[in-house]
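Student: This is the structure, below, for whatever I ask next.
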Amino acid sequence: MSDTAHFLAFIAASLILILIPGPSVMFTVSRALIYGRRQAVLTAWGNAAGTFCASALAAVGLGALIQESALAFAIVKYAGAAYLIYLGVKAFRDRKGLMATPDEETATPKRALATLAEGFMVGLLNPKTILFFLAILPQFVDRTAGSATMQMLILGGTFAMLAALCDTVWGLIASAVRDVFKRPKPKLVLARTGGTAMIGLGIAAAAGERA
């Protein structure tokens, strides 16, 4: 592993990127407005797990394939966009979930795993995340300090952990706003807003171009 100074520099660079609201934050906030605190937190950590897997793919070379192949990039991009739109439409149709109070949120292991899986897929199906890791992680790798792949995995895991913590905070804030509105109609409006944001995020992801 590279020295402490380089590792701290990576943490600083990661926090600068993470603290600027982006797709991951928008996704977590949307889920918070739709379903509330519990699912927002699970979404944030599921997304972080997907992000870490994206960093692992970059570390083993898939990022290079996506960077070089327009077809591979398009496949991952449109799959991720379609999944976001699917989740947004699903949220619109899930009236029971939209209207649930924090105490009524489903707490079954099955629902928790489903929420984690949804967040994971969104984090994984993001070609720009893989390209980001491919561009940034190597800059903090010390080739004289051991396996470059292992170092990139450690850095990717660090980034994912920081992202999970920050996205959790965003999710808790958004769910607190949702909880303020006890009456069904305002809560439904907030939930619909979250669903719309998720669909818009999917459309934006589909329309985005490779850097």
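Student: Taking amide hydrogens as modeled 1.01 Å from N in the peptide plane, which residues meet the under 5 Å criterion relative to Asp142, leaving out close sequence neighbours?
Tutor: Amide H neighbours of Asp142, under 5 Å, 5+ apart: Ser2.
Student: Can you put Lys90, Lys77, Lys128, Lys110 in order of accessible area, largest first, using a 1.4 Å probe?
Tutor: Working: Lys90 65, Lys77 20, Lys128 105, Lys110 170 Å².
Of Lys90, Lys77, Lys128, Lys110, the descending order of accessible area is Lys110, Lys128, Lys90, Lys77.
Student: In square angstrom, rounded to the nearest 10, how much accessible surface does Arg38 have for a 1.4 Å probe?
Tutor: 80 Å²
Student: How do Cys166, Cys53 stack up against each other in accessible area, from largest to smallest, with a 1.4 angstrom probe? Please list the in-between numbers first.
Tutor: Working: Cys166 25, Cys53 45 Å².
Sorted descending by solvent-accessible area, the residues read Cys53, Cys166.
Student: If you don't mind, another one. Taking a point 7 angstrom from the Cα of Ser147 along the C-beta vector, which residues in segment 1-42 have backbone N less than 16 Å away?
Tutor: Residues 1-2 fall inside that zone.
Student: Kindly sort Met161, Met152, Met121 by accessible area of their heavy atoms, largest first, with the probe set to 1.4 Å.
Tutor: Ranking Met161, Met152, Met121 by accessible area, largest first, yields Met161, Met121, Met152.
Student: What is the P(r) of segment 118-172, as percent of Cα-Cα pairs per 10 Å bin from 0?
Tutor: All Cα pairs, binned at 10 Å, distribute as 21, 47, 25, 6, 0 percent.
Student: For segment 1-55, take every pair of Cα atoms, bin their distances at 10 Å starting from 0, and report each bin as a whole percent.
Tutor: 22, 41, 27, 9, 1
Student: For Ala5 and Val89, what is the calculated FRET efficiency with R₀ set at 41 Å and r taken between the beta-carbons, to the nearest 0.05?
Tutor: With a Förster radius of 41 Å, E is 0.30.
The values are calculated or read from the model by the stated rules, or taken from the named source; none is laboratory data. If you're wondering where the values come from, they're calculated on a predicted model, not measured in any experiment. Because the Cβ atoms are built from the backbone with ideal geometry, glycine has one as well, and the counts that use them run over all protein chains shown. The protein model used for the area step is the full one, side chains on, heavy atoms only, and it has no ligands, DNA or RNA in it. Shrake-Rupley method; radii C 1.70, N 1.55, O 1.52, S 1.80 Å.
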